[in-house]
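The values are calculated or read from the model by the stated rules, or taken from the named source; none is laboratory data. Model, not experiment: these values are computed from the prediction. As a convention, Cβ positions derive from the backbone with ideal geometry for all residues, glycine included, and neighbour counts pool all protein chains shown. The protein model used for the area step is the full one, side chains on, heavy atoms only, and it has no ligands, DNA or RNA in it. Shrake-Rupley method; radii C 1.70, N 1.55, O 1.52, S 1.80 Å.
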Amino acid sequence: MNTIIEPFRIKMVEPLRLTTPAERDAILRAAHFNPFLIPADDVLIDLLTDSGTSAMSAEQWAGMLRGDESYAGAKSWFRFETVMKEITGLPHVLPTHQGRASERILFELLGGPGKVIPNNNHFDTTRANCEHSGAAAVDLVIDEGKQPQSRHPFKGNMDVAKLERLIDEVGADRVPLVMLTVTNNSGGGQPVSLENVRAVRGVCDRHGIPFFLDACRFAENAYLIKLREPGQSGRSVADIVKELFSLADGATISAKKDGLVNIGGVLLMRDEHLAARANNLLILTEGFVTYGGLAGRDLEAMAQGFREVLDEHYLEYRLRSVAYLGEGLIRHGVRIVEPPGGHAIYVDAAEFCDHLTPDDFPGQALLCALYRHAGIRAVEIGSVMFGRIDKATGKAVHPPMQLVRLAVPRRVYTQSHMDYVIEAIGEVRANRQAIRGLRIVEAPEVLRHFTAKFAEA
Ligand code: F0G
């Protein structure tokens, strides 16, 4: 049998609300052409993010009822700590409310003015937390990782020669840690190879620099290693995951992705003294060390979710369904970042709207067209998110790519939902010359994509 099925059946359903094109046009206008401002109830298929949007399993819900809400030393905490140690082999486990809380603590300890922190690509919260500490965030992804059409199997890899050069230039004492984001979200959800992780570890060892993973999507990355890396196909994902973490001195994780939960995070550390200092910061803003800002029931759901995500039938279905979406779009002539990564398909909006210039915000314009035509919500990763106005010249500065990310929530949508998305985008493409550019009417200074208001040009 070649058909890869959803390895679960559905026990509880959440109705979707259908709207008419006229209603959607009015909703879009009321939201100032910014899908972040559309109420979720008015969205039919929500591909805004894969973060915190997973469907939990019956076992996770059972755990929610079992949750021990004791302030200190709850049973749920010990269960969670045991699972994280088992999966990663890292000895110090700190619970946090989500990924960025782990990042804030890590960078408060290791960052600071004058420091330089390399990554393949910092995710936006990672970069923001790094810079908030006063450190500089540097992206060192391989060149293929910046070319949408390159079919390199590990476009999330770090350029090790560039890392060596950077350390030589600034001096190892100014590099407090090196990070790798697995999979590389800002770079198209692309995986990092085990070989690259080993090589980066080797550089860190030679210079005495700690090495951390941003491991939100560690299971998807490990499965892509199993599929794509020579010599890895015979290993279990759990074994590959163990090796990944064995190469690191610690990790920040948002459990809202591969943890298969709606809220939660983790900070993992190998060094006892660093972990003790991190625990002090944890208590300051997150909560006591055995709950870190979460309810006992959240720890139960995480403990179960982190186990379930290593099920290879699940991962096979997960990776296959993302690739299926990408292949369907390619059949309609849509250009995407290839090969499909772990959690999302990234559409090349500059090509899709080749009658528009970056000043017309082609990604945002495409988002609006998808919502208007079919009630689909996605996110722009282009000039709205990363563009800025040069203070000296007053001119707009644009990022290298104009992308629209279709992020696939875990265990939420079926194949027919994806067929609908493919068909809808095909129809939008057939009439793409009609997509109108946008201009910004109102925007805050930072993170403008969340709240900016637009008008049609
Ligand atoms: N690191 C990566 C690689 C991420 O993708 C995210 C979140 C974070 C850190 C921060 O985690 O949200 O729990 O604080 N990514 C979400 C997304 C928001 O839509 O890609 P968080």
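General remarks:
- Prolate is the label for the range 245-350. Its Cα gyration tensor axes, ordered a ≥ b ≥ c, give a/c of at least 1.5 and a/b above b/c.
- For the chain, with +1 on Lys and Arg beta carbons and -1 on Asp and Glu, the positive-most of Val192, Ser246, Val93 along the dipole: Val192
- Expressed as a whole percent, the accessible area of the chain that falls on carbon and sulfur atoms is 54 (1.4 Å probe).
- Placing a pseudo-label 7 Å from each Cα along the Cα-to-Cβ vector at Arg165 and Leu227 gives an inter-label distance of 3.2 nm.
- In percent, rounded to a whole number, the relative contact order of the chain is 23, using alpha-carbon pairs under 8 Å and six or more apart.
- MRE, 222 nm, helices only [DSSP H, n ≥ 4, -39500 (n - 2.57), over the chain, to nearest 500]: -12500 deg cm²/dmol
- Around Lys11: net Lys/Arg minus Asp/Glu count, Cβ-Cβ under 14 Å: -1
- Summed side-chain charge close to Ile263 - residues other than Ile263 whose Cβ falls under 13 Å, Lys, Arg +1, Asp, Glu -1: +1
- Within the range 374-404, backbone nitrogen closer than 17 Å to the virtual label 7 Å beyond the Cα of Glu131 toward Cβ: 381-392, 396-401
- Heavy-atom accessible surface of the range 349-447, averaged per residue, reaches 45 Å², computed with a 1.4 Å probe.
- The Cβ shell under 11 Å around Glu423 holds other residues with a net charge of 0, Lys and Arg each +1, Asp and Glu each -1.
- Judged by the mean number of other Cβ atoms found within 10 Å, the most tightly packed of the peptides 10-22, 401-413 leads the ranking 401-413, 10-22.
- Each label was represented as a point 7 Å from its Cα along the Cα-to-Cβ direction; for Ala40 and Ala172 these points are 4.7 nm apart.
- To the nearest ten degrees, helix 415-430 and the longest principal axis of the Cα atoms of the chain are 50 degrees apart.
- Sequence ranges 234-241, 296-303, 146-153, 340-347, ranked by mean other-Cβ count within 10 angstrom, highest first: 340-347, 296-303, 234-241, 146-153
- Per residue, the convex hull around the alpha carbon atoms of the chain comes to 148 Å³.
- Rg over Rh [alpha-carbon atoms, Kirkwood Rh] for the range 193-267: 1.00
- Think of the range 75-234 as a dipole: +1 on every Lys or Arg Cβ, -1 on every Asp or Glu Cβ, centred on the Cα centre; then among Cys130, Ser76, Ile117, Ser76 lies furthest on the positive end.
- DSSP-defined antiparallel bridges as percent of all bridges, the chain, nearest 5: 70 percent
- Computed over every Cα-Cα pair of the range 52-112 and binned at 10 Å starting from 0, the pair-distance distribution P(r) comes out as 17, 38, 37, 7, 0 percent.
- Computed with a 1.4 Å probe over protein heavy atoms only, the accessible surface of the range 58-308 comes to 36 Å² per residue.
- Whichever lysines have a C-alpha closer than 19 Å to that of Lys75, once near sequence neighbours (fewer than 8 apart) are set aside: Lys85
- For Phe154, no residue 5 or more places off, or on another chain, has a built amide H under 5 Å of its own.
- Under 16 Å of direct C-alpha separation, and excluding same-chain neighbours fewer than eight residues apart, Lys11 reaches these aspartates and glutamates: Glu59.
- The candidates Glu103, Glu195, arranged from most to least accessible area with a 1.4 Å probe in the full protein assembly, appear as Glu195, Glu103.
- Based on the reciprocal of the average 1/r between different C-alpha atoms, the Kirkwood radius for the range 362-457 equals 14.8 Å.
- For the pair the range 284-309 and the range 93-108, the centres of their Cα atoms are 12 angstrom apart.
- Summarising the amide proton neighbourhood of Gly259: residues at separation of 5 or more, or on other chains, whose placed amide H is nearer than 5 Å comprise an empty set.
- Among the chymotrypsin sites (Phe, Trp or Tyr not before Pro) in the range 148-228, none is located in a DSSP loop while being surrounded by at most 14 other Cβ atoms within 10 Å of its own Cβ.
- Fraction of beta bridges assigned by DSSP in the range 58-308 that are antiparallel (%, nearest 5): 50 percent
- By the rule of a C-alpha distance below 25 Å, with chain neighbours fewer than 8 residues away ignored, the lysines paired with Lys115 are Lys162.
- Size of charge dipole - the chain - debye, nearest 20, with Cβ of Lys, Arg +1 and Asp, Glu -1, no other charges: 220 debye
- At q = 0.07, 0.13 Å⁻¹, base-10 log of I(q)/I(0) for the range 58-308 (Debye sum, equal scatterers on each alpha carbon): -0.22, -0.77
- Placing +1 on the Cβ of every Lys and Arg and -1 on the Cβ of every Asp and Glu, with nothing else charged, gives the range 58-308 a dipole about its Cα centre of roughly 300 debye.
- Computed from Cα positions, the angle between helix 296-308 and the longest principal axis of the chain comes to roughly 80 degrees.
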